[in-house]
Amino acid sequence: MNIKKGKVLIRLEHEAQKRNLTYLGNANKKRYKIYQFNECGHKKIMLPEAVRTRKEIPCEICIEIKQNELIKDAGLELVKKGKEGKNTYKIKSCGHLKEIAWKEVKNKHFKCQICFKEKLEREAKQAGLKIIGSGKSGRYRRYKFIKCKHIDEFQLIHVRNKEITCKQCHENEIKKIAKKNNLQYLGKASKKTLDSHLYRKFKFNECGHDQEIRIDHLKEGWFICNTCEKTSLDKPSKIYLLEITVNKFSYLKLGYAKNINTRIKTYRLDKKAIVKRIKIINISTGREAKIIENDIHKRLKKIRINPTKMKQYMYDGFNECYNIDKKELLIDEVNMVG
Ligand SMILES: [Zn+2]
Ligand SMILES: [Zn+2]
Ligand SMILES: [Zn+2]
Ligand SMILES: [Zn+2]
């Protein structure tokens, strides 16, 4: 062996050792040498100057092993290498193919769009909807109601939880109920409160007054014109005695009102309640009727039914109720008025 060559060999070995490599000899390619990683035992072909100058010398075989482990761990199978590190993988759980960036594989941050789309379509169907397009953001879609064909945008989560109603059908229903109650539907409530979405604005056809009424109260008929109610003291009124029967419990109710029908509505009686009009006396003004009614109640206060008990049966008017066995006495009282 010539001394000069021996010196080169020593230098190559020394340089390799400094990078935690072992120099093995010449490679097939001109000027390239074969090295072995001391740590993992894998071989790598490099130029000696690369061994000398490169900041880092990674082992491609180790990297590939590590990558394969991560791919397997993410539930994927590499199908085709693609551009810019975006390879095509098979998602093992469903068998669908997907192009996924390496970062997403590493973080397991990917989902099967085909399966996701199928899932959303399933959820829509279960909620009585059909997806017809994308929404204002990824969390929304445009839907068509299968039954009424109306179109609206909903959040995916609301469709999933079936927390959806058709706003257009809802509005139409309100209009229908309003018409039935001789009201004109004017639209959304103008007040801005937390529960203002529960209200709508209406006009009473009879008196022309506007009023905001809760939708559920509208449905139950629990409303009267508040404006008319306020001015009713100057208008003709009536003293009335009613016999109300709810679930076999009968009692008497004494009161005064301009319109007995609308007054009864404010009691919010059970739907099965039977109301019999025992006695009705016309009075020239509400003010006068109020005085008469107060006077009767003052005298009969001791024999009235406990209002706490009556609250189970009535939302309003529970203060002036009497036992059915006091019927004669109350009829006498009312007769004295007229
Ligand atoms: Zn290695
Ligand atoms: Zn899939
Ligand atoms: Zn609808
Ligand atoms: Zn009115």
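Considering only alpha-carbon pairs that sit under 8 angstrom and 6 or more positions apart, the relative contact order computed for region 38-135 is 14 percent.
Taking Cα atoms only, the orientation of helix 113-126 departs from the longest principal axis of the chain by about 10 degrees. Dividing the summed helix terms, -39500 (n - 2.57) for each DSSP H run of n ≥ 4, by the number of residues in the chain produces a 222 nm estimate of -10500 deg cm²/dmol to the nearest 500. With 30 Å as the limit, the listed pairs LYS276/LYS309; LYS191/LYS276; LYS191/LYS265; LYS238/LYS301; LYS66/LYS98; LYS44/LYS81 have LYS191/LYS276 beyond it between alpha carbons. Here the Karplus relation 6.51 cos²θ - 1.76 cosθ + 1.60, evaluated at θ = phi - 60°, turns the backbone of region 257-273 into coupling constants of 6, 6, 10, 5, 4, 5, 5, 4, 4, 5, 5, 6, 6, 3, 4, 8, 5 Hz, with x for every Gly and Pro. Using equal-weight Cα scatterers in the Debye expression, the normalised intensity of region 67-217 in log10 at q = 0.09, 0.16 Å⁻¹ is -0.51, -0.95. Taking the longest Cα principal axis of the chain as reference, the axis of helix 167-180 is set at about 0 degrees. At a Cβ-Cβ separation cutoff of 4.7 angstrom, cysteine residues of the chain with no neighbouring cysteine are CYS40, CYS94, CYS148, CYS207, CYS321.
How many times 2.2 N^0.38 Å is the alpha carbon radius of gyration of the chain? With N residues counted in the chain, Rg over 2.2 N^0.38 Å equals 2.14. Averaging the Cα positions of each part gives two centres, and for region 90-165 and region 1-67 these lie 53 Å apart. Once a ≥ b ≥ c are taken as the square roots of the eigenvalues of the Cα gyration tensor of region 114-164, is the result rounded (a/c under 1.5), prolate (a/b larger than b/c) or oblate (a/b not larger than b/c)? Rounded is the answer for region 114-164, as its axis ratio a/c remains below 1.5.
Relative protection proxy for 130-142, 200-212, from highest mean packing down: 200-212, 130-142 (other beta-carbon atoms within 10 angstrom).
Counting other C-beta atoms within 10 Å, which of LEU241, LEU269 has the fewest, and how do the rest follow? In order of increasing Cβ crowding within 10 Å: LEU269, LEU241.
Taking the chain as the reference, fit the longest principal axis to its C-alpha atoms, fit the long axis of helix 327-337 to the helix C-alpha atoms, and give the angle between the two in degrees, 0 to 90, nearest 10. Helix 327-337 and the main axis of the chain meet at about 70 degrees. FRET efficiency for the GLU69 to CYS115 pair, using the beta carbon distance and R₀ = 30 Å, is estimated at 0.75.
No value in this document is a laboratory result; all are computed from the given coordinates. Just so it is clear, the structure is predicted and the values come from calculations on it, not from any experiment. In this analysis, Cβ positions are derived from the backbone assuming ideal geometry, glycine residues included, and neighbour counts consider all displayed protein chains.
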